[in-house]
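As structure tokens, the structure follows; a few thoughts come after it.
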């Protein structure tokens, strides 16, 4: 996990790259799949959520990131729905991590007792890692489905809906142009 420190002068410092980084730089790391943690240098508090929220706010200023109905609904509902989703995800990930750690310890014990070879232990670890990646992908898919369901209940159009409207608008525009050119 990439650690970033936030200093009192509001500067952000990337501990891995040993250089200052901007909010845009952090956003780029996140888009590239990097996990980041931002710590307040004075207190040591984890302020990652605050910084990510600030990045979203900056992106919103640059152009509408989220539809107004979704933002309005989130404010009206409070953080309860998102907190529930986040808590559920964290619980699942923690349970998966505990299971992985337990299996890794068992594999290590088998190898130490000579019941399996070191190469067999490595194969088991690789298989376990592959299954964990698959489980994580499935969990992410379920989360996306939950989010899509929530957005549908809130009446927020999907990208597919917007694209269909855009296509339909193009068709109507072509018909209007056709009618105007025949006059």
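Just so you know, all these numbers are worked out from the coordinates, no wet-lab data involved. Not measured: the values here are computed from a predicted model. Here Cβ is always computed from backbone atoms with ideal geometry, including for glycine, and neighbour counts include all displayed protein chains.
Of note:
- Translational diffusion of region 138-183, estimated by Stokes-Einstein from the Kirkwood radius over alpha carbon pairs at 25 °C in a medium of 0.890 mPa s, is 188 µm² per second.
- At R0 = 41 Å, FRET efficiency that the Cβ-Cβ distance of residue 176 and residue 133 yields, to 0.05: 0.20
- Look at the alpha carbon pairs under 8 Å that are at least 6 residues apart: their mean separation over the length of region 2-65 gives a relative contact order of 28 percent.
- Backbone N under 12 Å from the residue 110 label point (7 Å along Cα→Cβ), restricted to region 118-159: 118-128
- Kirkwood hydrodynamic radius computed over region 2-65 comes to 11.9 Å, based on all pairs of distinct alpha carbons.
- Neighbour counts of C-beta atoms inside 10 Å place 151, 50 in the sequence 50, 151, starting with the fewest.
- Compared with the alpha-carbon gap, the fully stretched path from residue 101 to residue 126 is longer by 7.6 nm at 0.36 nm per residue.
- Estimated FRET transfer efficiency (residue 145, residue 31; beta-carbon r; R0 25 Å; 0.05): 0.70
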